[in-house]
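The values are calculated or read from the model by the stated rules, or taken from the named source; none is laboratory data. All values reported here derive from a predicted model rather than from experimental measurement. Ideal geometry is used to build each Cβ from the backbone, glycine not excepted, and the neighbour counts take in all protein chains shown.
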Amino acid sequence: MPRITLSIRTPFGEVMVSGETPSEVLDALEGLDQGFMGEVNERVSDLLATQAKDNLKGVVEIGRDGPVLITKTKVSHYEAIGLILYCIRDHQASSREITTRLSASGKKVTVPARLHEMRRRGHIFKPVDRAPYYKLSTRGVKWIEEEVLPKVKKK
């Protein structure tokens, strides 16, 4: 019998479970409980946060109240919001928090309108439909890392 492999997408990457029989796969899945997934997510988030802080030198300063944009390079409203979300834990914040962080950075942005447009572009999403929180999507993280940060750091 061929080996059975199951691939599960998670916020931090892909988890693969395999076995010779369906029961082996199910047994392996039992080990992937909420505690395990939460612990892996926490550790990966901590590693990524450390790496992100190194990437953001001269662009964003993270104070005790949250991130503040310090770059001299001109950034669009979308990029400013994306950078703020990128720096916040789990890449998630409310529109009020984003507005506060942008104000502290000296940026005047109509946040709700920009969030709506970023949502249509696929850069952010609402993890809980009725909650006021927005989260940077995988596409949004890639956009920040591959397009926005190199542009801002270049100058």
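Things worth noting here:
- For the condition surrounded by 14 or more Cβ atoms within 10 Å (Cβ to Cβ), at pLDDT below 80 and either of a type in the set (A, V, I, L, M) or assigned to a strand (DSSP E or B) (or both), V15 does not qualify.
- Residue in region 91-100 that is assigned to a helix (DSSP H, G or I), at pLDDT 85 or above, within 13 Å of the chain's Cα centre (by Cα) and surrounded by 17 or more Cβ atoms within 10 Å (Cβ to Cβ) present: yes
- With respect to the conditions (1) farther than 30 Å from T5 by Cα; (2) over 15 Å from the mean Cα position of the chain (by Cα); (3) among the hydroxyl-bearing types (S, T, Y), Y133 falls short on a single one, namely (2).
- Considering E146, E42, the condition of being in the same structural domain as R9 (by TED's automatic domain parsing), assigned to a helix (DSSP H, G or I) and free of Cβ contacts under 8 Å to residues at least 12 places away in the same chain is satisfied by E42 alone.
- Of all residues in region 1-27, those satisfying the criterion of being within 28 Å of the chain's Cα centre (by Cα) and of a type in the set (A, V, I, L, M, F, W, C) are L6, I8, F12, V15, M16, V17.
- Restricting K107, K57 to residues that are in a loop (DSSP other than H, G, I, E, B), surrounded by fewer than 20 Cβ atoms within 10 Å (Cβ to Cβ) and without any contact (Cβ under 8 Å) to a residue 24 or more places away in the chain narrows the list to K57.
- Here G82 fulfils each of the conditions (1) without any contact (Cβ under 8 Å) to a residue 40 or more places away in the chain; (2) assigned to a helix (DSSP H, G or I) apart from (1).
- Restricting region 110-137 to residues that are under 17 Å from I88 (Cα atoms), touching a residue at least 12 places away in the same chain (Cβ under 8 Å) and out of contact with any helix residue (DSSP H, G or I) (no Cβ under 7 Å at 6 or more places or on another chain) leaves a set whose member that is surrounded by the fewest Cβ atoms within 10 Å (Cβ to Cβ) is P127.
- Residue in region 61-74 that is within 22 Å of K126 (Cα to Cα) and either surrounded by 14 or more Cβ atoms within 10 Å (Cβ to Cβ) or modelled with pLDDT of 80 or more (or both) present: yes
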